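Below is one structure, written out as structure tokens; the observations come after it.
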């Protein structure tokens, strides 16, 4: 199948005679030869197949009947593996299935539907056997010609087990394919942790594992109840049970932390809000659970399928991708579909937190996730003594513009003008603000990144920046420099070399993208960034008196690097993102990031471009503020710039409803001067035009008074009318309709909001 999947490569060149064309072709061919597939050398993983083989050979597992407490469930003898105060872990040593018993309610959360539920399902064939397997997988056959799906029921599988601390572990041996899987199941604080360790997968034959679905039918439920699946789409999405018109819908199946750009996709790219948090859940109507992908999230997809698409069950689970497909060039104008040859040895795990009926809605799920973040990710709640979060004002200083006479720097705001604008706002009572500066570097944006200094003289230079920082600090206003640490401009004088400093894709080429001005931008290797660029940058920042930085894109991009001398996975790339963020924070005292990737929550002081809009997939029925509920009171967050909203009224109300801090991108000059620069998408930013809107939104922010409070409730009062409840007793209600809403003891004007203090209606 692979030799038929071809994709053209495009080559731009000038036709100036046969001789010039020949020279170009020779050069291009030489470049391709140096980067041909055989030249892509993979570093050996920390662990190897031999290590995995040693691990499996050392396991003391058995197929014997377990001793101890047992019970008969639908004609099958199950055995208790471990018990805590509220939950007990049971397992079937023959099928390898497991179940969690809620000791209060008596509910059995089974890894697979029981026989009574299966009897109601009319599914036939492979999907029918999927329903009875704790693992569903896809693999490439031994000949490398066909992708197949299977499970531990469809192909004969030997199950062995042994007791472990707090639970049981099982080894699944699929002899026909040469696959062995080791999965541990443990109870921790009445929560289930299903884990495959680093050496927990072994391939003994030529078949190659592609994807593994772990406990794909855990808690799966038939239609009938008023339940739903929770997916991490934008701020949160619900896929309701009993869906109809499924003919045009596919299951929800999205990668956590977005696409890995180092793997050229074999399908057209689409613009999506990436999944920022590795969470999914099921509300079955009577109870529910929320699950967090703890390890291996960077190679995981969240999958959610309503009843009627594949089976008659509603299910949500984590799928781990072990080998990915990509377009591999075979010449100047052709490519084939290829795949990763090596399998990573990285642990994967999913934690299931079970919820009773009173706490099983998306609010209860978000609160459970918040508790998880505080306990296991060490995210601390905001200081209760701190006042309302500051209004965020981001100023565009300058940007490069290509002209027939060369590069010209367009200055939209000088440092002196930033100070002037802030002084005007202070004079009108807007005092609680923070200031960010973009395009401050030499040449504006993108300038000569990663070379940034000297600071752009037309904006005021280093002396002007020093004065601005000192002047605003005297008024209690923090200044941040906005910086894209991960990018380099297409310049010969910036000290950046794509071959040694840039991220290398799996096909051996530097990873690039086009900015809004159609300029080629390179992505810097996280390894080189942490070792070479960031330490020097921080020292220069400190000399200006800077006390904060906004790391743009740090929370929206996550890529692996296939450079032969420093290959890192996406999971390893996470550690570099955290390392750089922590380094900046420790040096300056404050750090912000753009994007909402959850692994940064305990390392930052503010998040911009927090996911507030879902992706409008047909499969998702309703957007809910799951992620804002979980994060509010832990880390302040903002949506996109208020002045660039697509729908001013609706998106303003959304920010009020979700507890966001308003954020503006501003210029002193008319934004039209930036139309041929990387900021050409900023259609309205001039302060003179936006002054009143800034004041109005600042006053709205000040009235809410909920910065440090956790969200404890969220509900729909009527179609288009919502209420968010905070632990300090305040309730914020928004009305998205064109008619007034009359509640019990309160009313809300059309397209407006209302704040009720503690004790008020």
Extension reserve of the residue 54-residue 513 stretch, reckoned as 0.36 nm per residue once the Cα distance is removed
160.9 nm
Note down, for the stretch 47-218, the three equivalent ellipsoid semi-axes (square root of 5 times each alpha carbon gyration tensor eigenvalue), biggest first, whole angstrom.
27, 21, 13
Once residue 251 and residue 402 are pulled to full extension, the length gained, defined as 0.36 nm per residue separation minus their Cα-Cα distance, is 49.8 nm
Per-selection Rg to Rh, the stretch 159-243 - Cα, Kirkwood hydrodynamic radius:
1.07
Compute for the stretch 635-761: radius of gyration divided by Kirkwood radius, i.e. Rg/Rh, restricted to C-alpha atoms, rounded to two decimals.
1.04
So for the pair residue 165, residue 432, with labels modelled 7 Å out along Cα→Cβ, what separation do we get in nm?
4.6 nm
Kindly provide the Kirkwood hydrodynamic radius of the stretch 215-302 in Å, to one decimal, from all pairs of distinct alpha carbon atoms.
14.6 Å
Roughly speaking, what % of Cα-Cα pairs in the stretch 123-204 are separated by over 23 Å, rounded to a whole number?
29 percent
Label zone at residue 357 (point 7 Å along Cα-to-Cβ), backbone N below 12 Å, the stretch 88-115:
105-107
How much FRET efficiency would the formula 1/(1 + (r/R0)^6) give for residue 683 and residue 470, where r is the Cβ-Cβ distance and R0 is 25 Å, rounded to 0.05?
0.15
How much space per residue, in cubic angstrom, does the convex hull of the C-alpha atoms of the stretch 694-755 take up?
87 Å³
Stretched out fully, how many nm does the piece from residue 176 to residue 755 gain, at 0.36 nm a residue minus the Cα gap?
202.0 nm
Estimated FRET transfer efficiency when R0 is 41 angstrom, pair residue 77-residue 617 (beta carbons, to 0.05):
0.45
10 Å-binned pair-distance histogram of the chain (Cα, whole percent):
2, 13, 22, 23, 20, 13, 6, 1, 0
Counting only DSSP beta bridges fully inside the chain, the antiparallel percentage to nearest 5 is 80 percent
Hey, any idea what Rg/Rh is for the stretch 194-254, computing Rh the Kirkwood way over Cα pairs?
1.08
Length-normalised contact order for the stretch 47-218 - Cα pairs under 8 Å, 6+ apart - percent
23 percent
Order 591-604, 377-390 from most to least packed using the mean count of other Cβ atoms within 10 Å.
591-604, 377-390
Estimated FRET transfer efficiency (residue 719, residue 380; beta-carbon r; R0 51 Å; 0.05):
0.85
Between residue 145 and residue 116, how many nm apart are label points set 7 Å from Cα along the C-beta direction?
4.9 nm
In units of 2.2 N^0.38 Å, what is the alpha-carbon radius of gyration of the stretch 382-436?
1.64
Which whole-number percent gives the relative contact order of the chain, counting Cα pairs below 8 Å spaced six or more residues apart?
11 percent
Given the peptides 694-702, 235-243, arrange them by the average over their residues of other C-beta atoms within 10 Å, most packed first.
235-243, 694-702
In range of the label at residue 64: residues from the stretch 88-115 whose backbone nitrogen is under 11 Å from the point 7 Å along Cα→Cβ:
none
In Å and from the alpha-carbon atoms only, list the Rg and Dmax of the stretch 451-601.
16.2, 52
Among 488-501, 572-585, the order from most to least packed when residues are scored by Cβ within 10 Å on average
572-585, 488-501
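Laboratory data are not the source of any read-out in this text; all were calculated from the coordinates shown. Not measured: the values here are computed from a predicted model. A quick note on method: Cβ atoms are made from the backbone with ideal geometry, for glycine too, and the neighbour counts reach across all protein chains shown.
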